[in-house]
Structure formats: structure tokens, C-alpha cells
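Read the structure below first, then the notes.
The values are calculated or read from the model by the stated rules, or taken from the named source; none is laboratory data. Everything numeric in this text was worked out from a predicted model, so none of it was measured. Cβ placement follows ideal geometry from the backbone for every residue including glycine, while neighbour counts extend to all protein chains displayed.
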Amino acid sequence: MFLFFLISLLFFLGAFHYVKLAQQSASYPPKRVVHQKAVVLAGGGAISLLIGISFYYFL
């Protein structure tokens with residue numbers, strides 16, 4: 001149960017990192033790729049957070 005909250009935190013930290021990288025003026029990966037990575041990590045964080053919350057309340 002705690003593992004899902006920790007995984008969610010790591011996903012959200014990764015998404016925050018890519019959002020900050022996308023705001024820089026010059027970055028090697030194109031901004032489209034950086035935005036896609038941020039969206040995927042944020043989605044993974046949301047899914048793992050929902051799984052953790054459901055385990056917390058229903059088990």
C-alpha cells in the first residue's frame with residue numbers, strides 16, 4: 001500500500017522535472033517529446049495514486 005504512494009511520488013517528481021525542462025529556452029529533446037514524457041509520468045502517478053488510495057480504503 002505504501003509502495004504505491006511512493007511510486008506515485010516518484011512519478012510526479014519525474015513529471016515536474018520534465019515540465020521544468022520544457023520551460024527552458026534550449027533543450028536537446030524537442031519540446032513535444034518532453035511534454036509527452038511529462039504527460040506519461042503524470043498519468044502513471046495518477047494511476048498509482050488511485051491504486052494506493054483504493055488499497056488504503058478497501059483493504
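For this structure, a couple of remarks:
- Of all the listed residues (A46, A22), the sole one being modelled with pLDDT under 95 and surrounded by 13 or more Cβ atoms within 10 Å (Cβ to Cβ) is A22.
- Selection count, the stretch 25-43, where residues are among the small types (G, A, S) and surrounded by fewer than 17 Cβ atoms within 10 Å (Cβ to Cβ): 4
- All conditions in (1) more than 24 Å from F4 (Cα to Cα); (2) of a type in the set (A, V, I, L, M); (3) in contact (Cβ under 8 Å) with a residue 24 or more places away in the chain hold for A22, with the sole exception of (3).
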